[in-house]
Amino acid sequence: MTLTLLSAGSNAHGQLAHSSNEDSHTFLPCQFLGSPANKLPSNATQLLDVATGANHTLILLQLSPVNDKPGGRRIREVWGCGDGRAGQLGRKYQEFLDVARASGKPFQTDVFRKLELDLEAEGLEGYEPKAISAGWETSYITLSTSNGNMSDVLVSFGSDDFGDLGIGGLAKRKGKEARKELNRIDFSHLLPDGALVSIVGLSANQHHVVVHIRAGEKGWVVGWGAARHGQIGVPPTVGSKPAPTVGKPQLMMVEDMNDPFVSLSVGSQHSVLLRSSGKLVGLGSNRKGQLDVVHLENVKAVSCTWNGTFALVEKDTTWRVHGTGSNTHGQLGRGIGSSNEGQSEHIHFRSMSDGAQPVLLSCGTEHVFVSLTMEREDICGSQSDQVWGWGWNEHGNLGMGHTDDRHEPVRIFPKESGEAGRLAGIWTGSGTSWILWRTNNVLVS
């Protein structure tokens, strides 16, 4: 089995990991430092997540068990590429780049490399990455340990322009900001004393972050960062006006454990939470109608563009993808000539095989991807996967070989029907898109 990560779109800082800094209008394999071309590291057994900022990318890899022994503890690592000048890829990444430039030696920011983060300096020996997310120029990693008596820890690193780091602002030292490589987010002011914390959800977008926390049989959703539109709940007041930013986690809501939250998604100025019952909770701006999906039921997945919300709804044997919000680039998938804004309406997939079932939903800046699984006509009892997309395409992020927006869903990948392989994941980011494909041989786009 071979896993191949492919990417397309914006690439000014090498954030696609193509060994170049040119935008890519087609899907090309990502490159990994120290690995053969087009291949993940040899000991990588799975790619668990992709998180993208303005010009940087994080991935979470799962590696073979220690000492390759059956039942051994699996290892997780965070790798990154792209722009690290704000510290969003760690201090050593930028130090290595500065040394290389001073000596005239090459240092590739356009390939994935393992992030060398000093966990020991923060007393986090024995912790490993559990989840990742990224804001504009800020990165977030949830860390956990196999010790059942230790809480999960969330660390942030990078820019703090809108309180993104979640630490209440950077300390000053001799008139300058005293930056740490890693910043531990403190939730103790919101939780019971001595609570053993599990971080079960994490979502960031441009400049606000939403986190789902549980302790025992209780749960909370908290947030910080940009707050002017209520996207992290009611902000505190400054004078007579709501605070534009909140620098530390604040309580957004207490979880109903009879109908717990199962996923979080955030746009530029809004946040949407999905309950286990299939109902949605929306917060923040609705100026573009981006919260008009909250009346839906039987929602199986939800994802946000900057100014829109998309929900995968499944009832009985039928399914629909509903979209609402901004439609400036055709991201509502309703065809050329439709309004630039719209209320919730399901999206039509044309020229698609009967019996296709949606599996994954992912929203980027202002473009949308959906994966579909269907029975293959040429092989009885076998299934095939397709990725469909639409919306903004200025950087070629739909991977179609051009930069024209698409106002209706179109099949993106694979290009040929019946191509061998199965889909293992889709992700979308800031003008970027990512596909993880599983084959018996290396896939070259």
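The values are calculated or read from the model by the stated rules, or taken from the named source; none is laboratory data. Here the structure is a predicted model, which means the values were calculated and not measured. Cβ atoms come from the backbone with ideal geometry, glycine included; neighbour counts cover every protein chain shown.
In table form, for the structure just shown:
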quantity: Residue in segment 420-436 that is assigned to a loop (DSSP other than H, G, I, E, B), of a type in the set (A, V, I, L, M) and modelled with pLDDT under 95 present; calculated: yes
quantity: Whichever residue in segment 56-89 is among the basic types (Lys, Arg) and modelled with pLDDT of 90 or more and, among such residues, is farthest from Val155 (Cα to Cα); calculated: Arg85
quantity: Matching residues in segment 371-413 - criterion: being in a loop (DSSP other than H, G, I, E, B), modelled with pLDDT of 90 or more and not small (Gly, Ala, Ser); calculated: Trp392, Asn393, Glu394, His395, Asn397, Leu398, His402, Thr403, Asp404, Asp405
quantity: Hits in segment 10-48 (condition: of a type outside the set (A, V, I, L, M, F, W, C) and either within 15 Å of Ser433 (Cβ to Cβ) or buried (at least 21 other Cβ atoms within 10 Å of the Cβ) (or both)); calculated: Ser10, Asn11, Gly14, Gln15, His18, Asp23, Ser24, His25, Thr26, Pro29, Gln31
quantity: Every residue from segment 245-267 that is free of Cβ contacts under 8 Å to residues at least 40 places away in the same chain and either part of a loop (DSSP other than H, G, I, E, B) or of a type in the set (Lys, Arg) (or both); calculated: Asp256, Asn258, Asp259
quantity: Identity of the residue in segment 41-62, closer than 24 Å to Ser268 by Cα and not in a strand (DSSP E or B), that ends up nearest to the chain's Cα centre (by Cα); calculated: Gly53
quantity: Lone unmet requirement of (1) assigned to a loop (DSSP other than H, G, I, E, B); (2) in contact with a strand residue (DSSP E or B) (Cβ under 8 Å, 6 or more places away or on another chain); (3) of a type outside the set (A, V, I, L, M) for Ser156; calculated: (1)
quantity: Within segment 278-326, tally of residues that are among the aliphatic types (A, V, I, L, M), in contact (Cβ under 8 Å) with a residue 40 or more places away in the chain and closer than 17 Å to Ile232 by Cα; calculated: 1
quantity: Residue list for segment 219-243, restricted to those being over 11 Å from His208 (Cβ atoms) and at pLDDT below 95; calculated: Val234, Pro236, Thr237, Val238, Gly239, Ser240, Lys241, Pro242, Ala243
quantity: Restricting segment 129-152 to residues that are of a type outside the set (S, T, N, Q) and at pLDDT below 95, the residue that is surrounded by the most Cβ atoms within 10 Å (Cβ to Cβ); calculated: Met150
quantity: Hits in segment 191-218 - residues which are surrounded by fewer than 16 Cβ atoms within 10 Å (Cβ to Cβ) and either closer than 23 Å to Leu274 by Cα or modelled with pLDDT of 95 or more (or both); calculated: Gly216, Glu217, Lys218
quantity: Residue match in segment 414-423 (condition: under 14 Å from Thr305 (Cβ atoms) and either within 22 Å of the chain's Cα centre (by Cα) or surrounded by fewer than 24 Cβ atoms within 10 Å (Cβ to Cβ) (or both)); calculated: no
quantity: Among residues of segment 202-236, those that are assigned to a strand (DSSP E or B), within 13 Å of Gln250 (Cβ to Cβ) and not aromatic (Phe, Trp, Tyr), counted; calculated: 12
